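Okay, here's the structure, questions in a sec.
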Amino acid sequence: PFYLANPSRRFCSQRCAFDARHESPDYYRETAHRFWRHVRKTDTCWEWMGALSSTGYGNFSIKHHEKYDRAHRVAWKLINGEIPREMHVCHKCDNRKCVRPDHLFLGTRKDNMQDAVKKRRMSYGENRYNAKLINSDIKKIHILHWINGLGYIRISRLFGVTSIAIRNVLKGKTWKYA
């Protein structure tokens, strides 16, 4: 270790000294106190009253403005410990400002996206901003392929989309609900 080679100095840099000071149990308690004083508890959710990101999630400054994290992630860490790699902290209540521990759960990105689709929080189908097909087109595509025997390329030319888009419709990868 650095301090054995340099007995007069305990840390290799000011950064290491700062980190050592701020990872103590007192620092943890101070961070928790600083965090929870920005929370307003209601009957349903515990809402973050501090800074918000442009997407509406709470932001919390960790280590004196050097690092920011989402408030719901910090709440999870304070109650449950570290978040495993590749895991997201998701909301059961769909309130982006909520930091109530029992309203949060861990999930993968896929879990989070599936939850959003299931709760109809994401645009899909003809409601998407870039949709080129509508629900009635999907029915026509199925008829043209399965009854009339047209191939992907011919159908794609009729609707002005790629043959891959047509294949995905027919294989049920997209537009499953139409």
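The values are calculated or read from the model by the stated rules, or taken from the named source; none is laboratory data. This is a predicted model, so every value here is computed, not measured. Here the Cβ is made from the backbone with ideal geometry for all residues, glycine too, and neighbour counts use every protein chain on show. Each accessible area value is taken on the protein alone, full model and side chains, heavy atoms only, with ligands, DNA and RNA left out. Shrake-Rupley method; radii C 1.70, N 1.55, O 1.52, S 1.80 Å.
Out of Ile141, Ile147, Ile153, I need the residue that is surrounded by 15 or more Cβ atoms within 10 Å (Cβ to Cβ) and of a type in the set (A, V, I, L, M). Which one?
Ile141
Out of curiosity, is Ala131 without any contact (Cβ under 8 Å) to a residue 60 or more places away in the chain and in a helix (DSSP H, G or I)?
No: the conditions fail for Ala131.
Of the conditions (1) in contact with a helix residue (DSSP H, G or I) (Cβ under 6 Å, 6 or more places away or on another chain); (2) surrounded by fewer than 18 Cβ atoms within 10 Å (Cβ to Cβ); (3) small (Gly, Ala, Ser), Gly107 fails just one. Which one is it?
Of everything listed in (1) in contact with a helix residue (DSSP H, G or I) (Cβ under 6 Å, 6 or more places away or on another chain); (2) surrounded by fewer than 18 Cβ atoms within 10 Å (Cβ to Cβ); (3) small (Gly, Ala, Ser), Gly107 misses just condition (1).
If I filter the stretch 55-69 for residues that are open to solvent by less than 100 Å² (accessible area, probe 1.4 Å), more than 19 Å from the chain's Cα centre (by Cα), more than 14 Å from Cys98 (Cα to Cα) and modelled with pLDDT under 90, do I get at least one hit?
There is at least one residue in the stretch 55-69 that is open to solvent by less than 100 Å² (accessible area, probe 1.4 Å), more than 19 Å from the chain's Cα centre (by Cα), more than 14 Å from Cys98 (Cα to Cα) and modelled with pLDDT under 90.
List pairs: first in the stretch 88-101 and touching a residue at least 40 places away in the same chain (Cβ under 8 Å), second in a loop (DSSP other than H, G, I, E, B) and of a type in the set (A, V, I, L, M, F, W, C), Cβ under 7 Å, 6+ apart or cross-chain?
Note: pairs meeting the criteria are Cys93/Cys45; Asn95/Cys45; Cys98/Cys45; Arg100/Cys45.
Return the total of residues in the stretch 156-178 being closer than 25 Å to Gln114 by Cβ and either over 33 Å from the mean Cα position of the chain (by Cα) or open to solvent by 100 Å² or more (accessible area, probe 1.4 Å) (or both).
Looking only at that region, the number is 4.
Check Leu78 against each of (1) closer than 24 Å to Gly107 by Cβ; (2) in a strand (DSSP E or B) and name the one condition it does not meet.
Here Leu78 meets the rest and fails (2).
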